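Before any comments, here is the structure.
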Amino acid sequence: MADAPAFEYVCNELESRTDLDRLTARGTVRLALKQAGLDAHSVTPGQLGVVLDKILPAELATRGVPDAASLVEALRSGLAGLAVETPAETPEDVFARLGGSA
Amino acid sequence: MNSAQLLSGIGGGVFALAETVVGLRLLFLWWRTHQLPELMVGAGLLLIGGIGYPLMAVGGIGRSSNGELSLLALGLGLASIGLGVTALSVFTWKVFRPDRFWGAALSLGTLLAAGVICVGGLRSLHLGPPDADPVATGAFWWVALRMLFQVWYVWTGIESLSEYARARRRLALGLSDPVVVNRLFLWGAMAVLGVLNNTIAVALEWRGLSPMYDPSAALTLAANGLGMSALMLLTFMPPRSYVRFVCRRAAATET
């Protein structure tokens, strides 16, 4: 299954704006997503925005990326411009509907 | 009817009733949404609890000899249960692993195994001595049927509780609804209790303690059946007071 456009965008931007190579950039974002309980193939721009705010700065700092805060801000701005695709239904969506809260 | 059969009847009856009520509610939901998950889980629960178990009882599976059985009712009951487990497998596949080939293969395997169990069970009862005990005559096939459920319970338990663990991390970031996160836990816990129930039942039957004849075995399984019923109802038909409790607890955890 292909990775989500939001994931691809953040990974590509990280690779081009920092010294991280492709593998490290993707691994960093995957680790951040895993901490957030999210998957690279289904993450939405909105969810990734929260990950950028709350998890990614620390991950970037541990990898020696300078000025992580402004980098994250730039990534967030770019994410906001991404077209929102209709995401595939998640287990949480199904259980929300089946239990009557959707 | 002995005390063990009465206990088995109460435990099994409550569970079958819970499956029927939840199954009907989910089928009504499917009528509005036309989505596959509610059709599969609703039909699965109804086929097992609302049609399969009652037909097995009508067929006389608890009676004392093969000669008293109605093989037609038993056959229809077994077929209904087999289709029900298959529908539940499709539910787990489509909800948790929709892009995985092995999920489809497992569901197809469930259907094929259910067919073999149905034919094999009926054949053993048909060919068995008329005065023999039906539970003993078809013992292999009843264990095989339990194993079919066991596979689904294990699979569903792993998927639901894994998703629950991920959903809790999302919840900590404000990306999930606490009620739905709890629902994933309840469904997983129901499956774990199902695994426990089947393991106990098979172990007891292995030692010659059938829940149809042994009160302690029947009591254990009846208690599990009641627990599973409660978890299923809380998952799909939670009372408002329970929903409020979950929300309050989540809010207290945040502060």
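Every number here is computed from the coordinates shown, using simple stated rules; none is lab data. Because the structure is a prediction, the values reported are computed rather than measured. Ideal geometry is used to build each Cβ from the backbone, glycine not excepted, and the neighbour counts take in all protein chains shown.
Rg to Rh ratio, region B:1-94, alpha-carbon atoms and Kirkwood radius? Show your work: numbers first, answer last.
On the way: Rg = 14.7 Å, Rh = 13.9 Å.
Value, to two decimals: 1.06.
Report, as an integer, the average count of C-beta atoms from other chains found within 10 Å of each Cβ along B:158-171. Present the calculation step by step, with values, prior to reporting the outcome.
Details: counts 0, 1, 2, 0, 1, 5, 4, 1, 8, 5, 1, 7, 7, 2.
Mean partner shielding for this stretch: 3.
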Ranked by how many other beta carbons lie within 10 Å on average, peptides B:62-75, A:74-87, B:99-112, B:146-159 from highest: B:146-159, B:62-75, B:99-112, A:74-87
Angle in degrees between helix A:22-35 and the longest Cα principal axis of chain A, rounded to the nearest 10: 40
Neighbour net charge for B:Ser65 - beta-carbon separation under 15 angstrom, K R +1, D E -1: -2
Using alpha-carbon coordinates, inclination of helix A:68-80 to the longest axis of chain A, degrees: 40
Cα-based radius of gyration of the protein assembly as shown once divided by 2.2 N^0.38 Å, which approximates compact folds: 1.20
Average beta carbon contacts from partner chains per residue of B:49-60, 10 Å cutoff: 0
Using θ = phi - 60° and Karplus 6.51 cos²θ - 1.76 cosθ + 1.60, couplings along region B:84-100 (whole Hz; Gly, Pro as x): x, 5, 4, 4, 5, 5, 4, 4, 4, 4, 5, 7, 9, 9, x, 9, 9
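Would you please give the FRET efficiency between B:Trp31 and A:Arg63, computed as 1/(1 + (r/R0)^6) with r the Cβ-Cβ distance and R0 = 56 Å, to the nearest 0.05? It would help to have the intermediate numbers written out before the result.
Numbers: r = 52 Å, r/R0 = 0.94.
Result of the calculation: an efficiency of 0.60.
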Table column - 3J(HN,Hα) (Hz), region B:50-55, Karplus curve with 6.51, -1.76, 1.60, x for Gly and Pro: x, 10, x, 4, x, 5
Kirkwood hydrodynamic radius (C-alpha pairs) into Stokes-Einstein, chain B, 4 °C and 1.567 mPa s, D in µm²/s: 68
Residue-averaged beta-carbon neighbours from other chains (10 angstrom radius) around B:31-40: 2
